[in-house]
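Visitor: Pasting a structure below so you can have a look.
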Amino acid sequence: TIRVVARDGLSAADSVVTNVTVTPAIAGAVSGAAVMLLQTGSVTITGRASDGRTLSTTFDVAFPPTVYFDAVAAGNRDIYSVSLDGRDLSRRTTAPADDAQPTAVAAAIVFTSTRDGNGELYSMPTMAGGAEQRLTTTAANESQPAFAAGGAALAYVSDVSGAPRVYIAPTPLTNPTRLTPPNFGFGGSIEASPTWSPARDRIALVSTANGSANLFIASATAGGTPAPVAGSANGQTDVEPAWSPDGNRIAFASTRVGTTQIFLLDLRTGVVSQLTNDASPAGQPGWLSDG
């Protein structure tokens with residue numbers, strides 16, 4: 001929903017705008033001074049102010065991004081998709097076991113499923129109706145998949161070595177390799193939440209190698225020792241990293257102020273800034289493709 005009645009010129013408050021129209025008419029639904037955009041392409045919105053001014057703007061409406069997520073309905077967790085404007089909600093999986101943690105590129109979705117008794121990775125096309133394909137077949141648990149930009153590689157977590165560690169592999173998943181060296185962390189330390197840099201040369205991850213769940217950055221070439229990010233400390237929890245599309249920032253959730261909130265790390269300066277300050281916890285940040 002938008003309330004644009006002028007651009008690069010005069011504007012007016014909602015309370016004084018009347019007779020809002022949309023051209024073409026099928027491109028939007030008018031409610032007072034608000035317009036719900038209904039189709040892509042060039043749209044002109046015109047409104048008349050109470051002082052007689054006519055205010056108008058023309059702009060191009062792009063197709064909204066699609067959000068992929070898991071949700072529980074009727075006791076079953078499945079993968080869903082929805083347009084960013086809240087329309088076109090679609091259930092994408094129907095297995096009786098849990099399907100969760102989707103990651104998507106233009107043509108494919110990869111997710112974790114427990115339909116085989118343990119966590120395994122599955123894929124399916126982003127186009128609705130495509131067949132699901134099992135990607136891993138192990139006695140371990142594979143989870144938290146993360147596509148590299150373009151979909152040529154995948155990072156994920158597996159406990160095949162006894163503790164959850166991050167692995168990387170080209171797609172389709174052949175010859176997966178542990179990302180971190182064997183001497184990183186300790187026997188019971190865990191790794192989680194891998195996320196690729198847009199350039200596919202680095203991976204941010206969560207590790208308890210220093211005693212607490214903190215953020216680290218590793219080379220996407222397996223075997224390099226990850227480096228802790230700025231502000232990491234024992235006793236605080238930094239989790240759920242999300243790399244910005246320009247490669248310069250990482251959003252993450254942290255307890256460094258008490259209640260879990262969203263923070264932003266600027267990789268160019270090392271400065272960490274707090275983005276949310278709510279009474280309730282905030283987590284799982286994500287980015288739109290335009291940053």
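The values are calculated or read from the model by the stated rules, or taken from the named source; none is laboratory data. Computed from a predicted model, the values in this text were never measured in an experiment. Because the Cβ atoms are built from the backbone with ideal geometry, glycine has one as well, and the counts that use them run over all protein chains shown. Protein only, heavy atoms only, side chains kept; ligands, DNA and RNA dropped before computing areas. Shrake-Rupley method; radii C 1.70, N 1.55, O 1.52, S 1.80 Å.
Visitor: Give me the percent of accessible area attributable to carbon and sulfur for the chain, probe 1.4 angstrom.
Guide: 53 percent
Visitor: If you don't mind, another one. Which net charge results when you count Lys and Arg as +1 and Asp and Glu as -1 among the other residues whose beta-carbon is under 12 Å from that of Arg268?
Guide: -1
Visitor: In whole Å, what is the distance between the alpha-carbon centres of the range 17-41 and the range 58-75?
Guide: The range 17-41 and the range 58-75 have Cα centres spaced 21 Å from each other.
Visitor: Here is a further query. Taking all pairs of distinct Cα atoms, average 1/r, flip it, and tell me the Kirkwood hydrodynamic radius of the chain in Å to one decimal place.
Guide: It is 21.5 Å.
Visitor: Identify the trypsin sites (Lys or Arg not before Pro) of the range 147-240 meeting these criteria: DSSP loop state and at most 15 other C-beta atoms within 10 Å of the C-beta.
Guide: For trypsin sites (Lys or Arg not before Pro) across the range 147-240 that sit outside H, G, I, E and B with at most 15 neighbouring Cβ atoms in 10 Å, the list reads Arg200.
Visitor: Using the Cβ atoms and a cut-off under 15 Å, what net charge is assigned to the surroundings of Ser83, where Lys and Arg are +1 and Asp and Glu are -1?
Guide: Here the charged neighbours net out to +1.
Visitor: Now for a different question. Given +1 on the Cβ of Lys and Arg, -1 on the Cβ of Asp and Glu, and no further charges, what dipole in debye does the chain carry about its Cα centre, rounded to the nearest 20?
Guide: Approximately 260 debye in magnitude.
Visitor: Pairs of Cα atoms under 8 Å, at least six residues apart: use those to get the relative contact order of the chain, whole percent.
Guide: Reported relative contact order: 7 percent.
Visitor: Right, something else. Can you give me the accessible area per residue for the range 199-291, using a 1.4 Å probe, in Å²?
Guide: That works out to 47 Å² per residue.
Visitor: Find the accessible area per residue for the range 33-189; the probe is 1.4 Å, ligands and nucleic acids are left out, and the unit is Å².
Guide: That works out to 47 Å² per residue.
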